[in-house]
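The values are calculated or read from the model by the stated rules, or taken from the named source; none is laboratory data. Computed from a predicted model, the values in this text were never measured in an experiment. Note that we place each Cβ from the backbone using ideal geometry, even for glycine, and neighbour counts take in every protein chain shown. Remember, those area values only see protein heavy atoms, side chains included, never the ligands or the DNA or RNA. Shrake-Rupley method; radii C 1.70, N 1.55, O 1.52, S 1.80 Å.
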Amino acid sequence: MNTFLRRQRAKRFVPVIAAIMIFGALPFWRVDANSPASKSLSAAIGVSDIGHVMTFTSPMSGQPHTPLPSGTAVGNALVSVVVASASSQVICAAGWTKQFDTVADQTVRTIGCSTIVSVAQRRPAAAVVPPSQVLMATFAFAGADPQAPVASAATGTGMLSPTVTGAKAGSMLLLVHSSAWWHMQYVAPLRARMAGSVTNHQGAQVATAMMRVTAPGSVAPGSWSSKGLAQGTARVLSSTSITLALNPQAVTPAPTTTTADLVTTTNPPPTTSTAAPNSTTTTNPPVTTTTAPLPTTTTVSPDPTPVDKARPFSNASPWNTPTAGGTAWFDTPSVHQLPDGSTRHWWVNTDSVGVWWSSPTDPIWTFDLPDYVAPAWHRNRTATTLQMRAPANLVAGSDVDHILAVADPLSGDYVELWQASVDPATHTVTNLAGTPGWAIGNLKAGPGAGTMSNNDGVRAANFSWIAGLLTGADLTAGRIDHALVVALPNDVLKGGGQTGTGAWRAPATAWDAGYWNGPVQMGSRLGIPATTPKPTGLSVMGSMLFDALQKYGAFVGDFAGGPWPNFYADGRSLPLGAANTGVVRPLFAFWETTNPNAGSGWDGVADMEKLGPLMRVADYQP
């Protein structure tokens, strides 16, 4: 189960300003210039986008900001789209070069700024003065010329993407369509690849697409189209289309001259003008700048390593951190006994979640995500729209929570929803009406738990549903090399009501709002002490489970509706068999017996009948 709070908001039309900016990286993306990984790769394949678009939306903010797309590194170009009220100004940070400034129909203003990521730059952000409704979307690019990342930018009114001239082979065109209307379904120009669409559901939307340039010269990207509401299509001319060309890095080896000897002057491309039917287009060059290379900064490629499905999330994640040596373990009767004194059995949930891994050939799905804001529960996700590839047969979990988790195995980006509503006809995913609950993160760099500023997932503890599962990758590896997740029933779990007082501990950042009377806090680590010998007669999965509980333990992440504590299996990757006759059944089938004369009785042959009595609580006495 999960809990949520929903805030009310009034929908209103507000003219908008959209801004494109190229920002610097967070300080922790630092590169040792002497390491092999930091050497220039000469970008022989041209400009390429990295990861997925990252977004920010708010009904009122003066400081929009987003995370960086996964894989962003020093030397990359970062592009953001910022949308705000027309009565506000969007201010570029110091050191950014303005690329364009255009107004369409006196309702939409679009400006742009640029730079290259350096070791001293911060996350993508902007200033909106005065604060207003705002949305922001951030993209990352590898292989752009570090001295002149933007070749040109053409702007125009309407749906037609402006033509750019003098584009080089290997350039990447970022196509942007900003509108004072929201809830439109935009379709990218024919030869372009849709990158994302974000709306604030109040009067602003930006759609973006990518187009690779294969031959030098002029490029006419084509026209956007829409499938939105009738009143939206009537105002398509109250919009702006932009074509921004990113220069590829020259295919030459990095010079051996020391950086102290280098002084580079960047010259702008010649000023040109382009025109297209039914649009007003002006192309402006970047402002001339003089740049000296940083002494320890070079261009690096994005991380090509796919997600380790047997050990998702960062090495520093709580899920991948073994139980500390010397941990004190405490017992509590409710873990082992029901209130009537009878034995408490354990269960493996196989219905709630199955991770949907995307592939490059999958269709693009649109995730229309509503406000999910409950500050006391550390949930601060304002409404946004994003797009990811996912299998065409995408469906939510079959139980009452309707969990959906989609992950990209290459970039590591994931999105997950509680109470998901999936429309296979339109390839659209949202939350069921009145039940918001969603999160985004990264399986390679993210923690999957413990982030105080926002929820890592949609479990009651704010854990990701991808974390702590029994998976097919575990079975293939022959071991469970991560912590597990467990849900506890109401006489074991401590409820928090509306305040959460005393109901949770790290790595949980939230609690279940039920008024349960159990002693164990959300986020607690349950496990088997290191000195406990392994029972005999365990199944293959049972032996793996014992080892994982002894090395990592299991974090309490949710409330279980029945009397049995629940572990969770990935229903899409494990061979479960009909009616759970597969590999996980020996873990929990407590009713089965080896005695043919036992009738309907049981004799404890299930693995958890042997492991359950060994379970203890780490670090405190419940």
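The sole residue among 68, 5, 78 that is in contact with a strand residue (DSSP E or B) (Cβ under 7 Å, 6 or more places away or on another chain), in a loop (DSSP other than H, G, I, E, B) and modelled with pLDDT of 50 or more is 68. Do we find that residue 402 is without any contact (Cβ under 8 Å) to a residue 60 or more places away in the chain and open to solvent by 30 Å² or more (accessible area, probe 1.4 Å) in this structure? Yes: the conditions hold for residue 402.
Beta carbons closer than 8 Å, at least 6 apart along the sequence or on distinct chains, pair a first residue in segment 542-558 that is closer than 18 Å to residue 530 by Cβ with a second that is in a strand (DSSP E or B) and open to solvent by 10 Å² or more (accessible area, probe 1.4 Å) for 553/525; 554/525; 555/525. Across segment 137-155, the qualifying residues are those that are surrounded by 24 or more Cβ atoms within 10 Å (Cβ to Cβ) and among the polar types (S, T, N, Q), and the one among them that is modelled with the lowest pLDDT is 138. Within segment 485-517, the only residue that satisfies the criterion of being surrounded by fewer than 23 Cβ atoms within 10 Å (Cβ to Cβ) and within 14 Å of residue 567 (Cα to Cα) is 489. Just one of (1) modelled with pLDDT under 95; (2) open to solvent by 20 Å² or more (accessible area, probe 1.4 Å); (3) within 22 Å of residue 463 (Cα to Cα) fails for residue 540. It is (3). Within segment 441-461, the set of residues being aliphatic (A, V, I, L, M) and buried (at least 24 other Cβ atoms within 10 Å of the Cβ) comprises 443, 449, 458, 460, 461. The numbered conditions (1) part of a loop (DSSP other than H, G, I, E, B); (2) of a type outside the set (Lys, Arg); (3) closer than 30 Å to residue 551 by Cβ are all true for residue 340 except (3).
The set of residues in segment 336-362 being within 24 Å of residue 312 (Cα to Cα), out of contact with any helix residue (DSSP H, G or I) (no Cβ under 7 Å at 6 or more places or on another chain) and surrounded by 12 or more Cβ atoms within 10 Å (Cβ to Cβ) consists of 349, 351, 352, 353, 354, 355, 356, 357, 358, 362.
The numbered conditions (1) closer than 23 Å to residue 91 by Cα; (2) at pLDDT 85 or above; (3) in a strand (DSSP E or B) are all true for residue 134 except (2).
Residues that are assigned to a strand (DSSP E or B), within 25 Å of the chain's Cα centre (by Cα) and more than 22 Å from residue 548 (Cα to Cα) within segment 479-526 comprise just one, 504. Taking (1) open to solvent by less than 10 Å² (accessible area, probe 1.4 Å); (2) without any contact (Cβ under 8 Å) to a residue 40 or more places away in the chain; (3) not aliphatic (A, V, I, L, M) in turn, residue 464 satisfies each apart from (2). Residue 476 meets each of the listed conditions (1) in contact (Cβ under 8 Å) with a residue 60 or more places away in the chain; (2) assigned to a loop (DSSP other than H, G, I, E, B) apart from (2). Scanning segment 343-360 for residues that are under 30 Å from residue 427 (Cα atoms), part of a loop (DSSP other than H, G, I, E, B) and among the hydrophobic types (A, V, I, L, M, F, W, C) yields a single hit, 353. Within segment 361-390, the set of residues being more than 19 Å from residue 441 (Cα to Cα) and in a loop (DSSP other than H, G, I, E, B) comprises 361, 362, 363. When residue 365 is tested against the conditions (1) touching a residue at least 24 places away in the same chain (Cβ under 8 Å); (2) surrounded by fewer than 21 Cβ atoms within 10 Å (Cβ to Cβ); (3) under 30 Å from residue 65 (Cα atoms); (4) not basic (Lys, Arg), the lone failure is (2).
Filtering 178, 239, 218 for residues that are at pLDDT 80 or above, over 25 Å from residue 51 (Cα atoms) and open to solvent by less than 10 Å² (accessible area, probe 1.4 Å) leaves a single hit, 239. Say whether the condition of being in contact with a helix residue (DSSP H, G or I) (Cβ under 6 Å, 6 or more places away or on another chain) and over 17 Å from residue 111 (Cα atoms) is met by at least one residue in segment 142-163. No.
Can you tell me which residue in segment 405-440 is most open to solvent (accessible area, probe 1.4 Å), limited to those that are touching an Asp or Glu at 6+ places or on another chain (Cβ under 8 Å) and within 26 Å of residue 473 (Cα to Cα)? In this case the residue turns out to be 440.
When 557, 561 are checked against the criterion of being touching a strand residue (DSSP E or B) at 6+ places or on another chain (Cβ under 9 Å), within 21 Å of residue 309 (Cβ to Cβ) and either open to solvent by 10 Å² or more (accessible area, probe 1.4 Å) or at pLDDT 95 or above (or both), a single residue qualifies: 557.
Here residue 63 clears all of (1) part of a loop (DSSP other than H, G, I, E, B); (2) under 14 Å from residue 244 (Cα atoms) except the condition numbered (2). In segment 511-540, the residues that are closer than 25 Å to residue 324 by Cβ and of a type in the set (D, E, K, R) form Cβ pairs under 9 Å with partners that are in a loop (DSSP other than H, G, I, E, B) and open to solvent by 80 Å² or more (accessible area, probe 1.4 Å), at six or more places apart or across chains, as follows: 525/619.
Hey, does segment 405-424 have a residue that's under 30 Å from residue 186 (Cα atoms), assigned to a loop (DSSP other than H, G, I, E, B) and of a type in the set (S, T, N, Q)? Yes, segment 405-424 contains at least one residue that is under 30 Å from residue 186 (Cα atoms), assigned to a loop (DSSP other than H, G, I, E, B) and of a type in the set (S, T, N, Q).
Selection within segment 156-174: residues that are at pLDDT below 90 and in a loop (DSSP other than H, G, I, E, B). The member of this set that is farthest from the chain's Cα centre (by Cα) is 158. Considering each residue of segment 100-122 in turn, at least one proves to be closer than 30 Å to residue 216 by Cβ, acidic (Asp, Glu), in a strand (DSSP E or B) and at pLDDT below 80.
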